1. With bins 10 Å wide starting at 0, give me the P(r) of the chain over every alpha carbon pair, in whole percents.
2. State, as an integer percentage, the relative contact order of the chain based on alpha-carbon contacts under 8 Å between residues 6 or more apart.
3. Out of the total accessible area of segment 7-53 (probe 1.4 Å, heavy atoms of protein only), what percent is carbon and sulfur?
4. Exactly which trypsin sites (Lys or Arg not before Pro) in segment 4-64 are in a DSSP loop and have at most 15 other Cβ atoms within 10 Å?
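The values are calculated or read from the model by the stated rules, or taken from the named source; none is laboratory data. Note that this is a predicted model, so its numbers are computed, not measured. Don't worry about glycine lacking a Cβ; one is built from the backbone with ideal geometry, like all the others, and counts go over all protein chains shown. Note: areas computed on protein heavy atoms with side chains; ligands, DNA, RNA excluded. Shrake-Rupley method; radii C 1.70, N 1.55, O 1.52, S 1.80 Å.
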Amino acid sequence: MLFGRNLRQARKRGRIPQRELAELAGVSQSFISHAENGRASVSITKMALLSRALGVPLHELLKP
């Protein structure tokens, strides 16, 4: 849940739609939605891809 909340906040701060983030990270839009809502198990590899696509450090997506 924590990662999903931080992912959504970072995406909204950057004004990046889910579809665009999905394309940038090489994942599906439904994966982004599930990750943001805590319904997907996100590997560290995918976390790194998403943080790179958003242009934010990974630790920012993992902070409490």
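1. Cα pair-distance distribution for the chain, in percent: 25, 67, 8.
2. 43 percent.
3. For segment 7-53, the apolar C and S fraction of the accessible surface comes to 47 percent.
4. 15, 39
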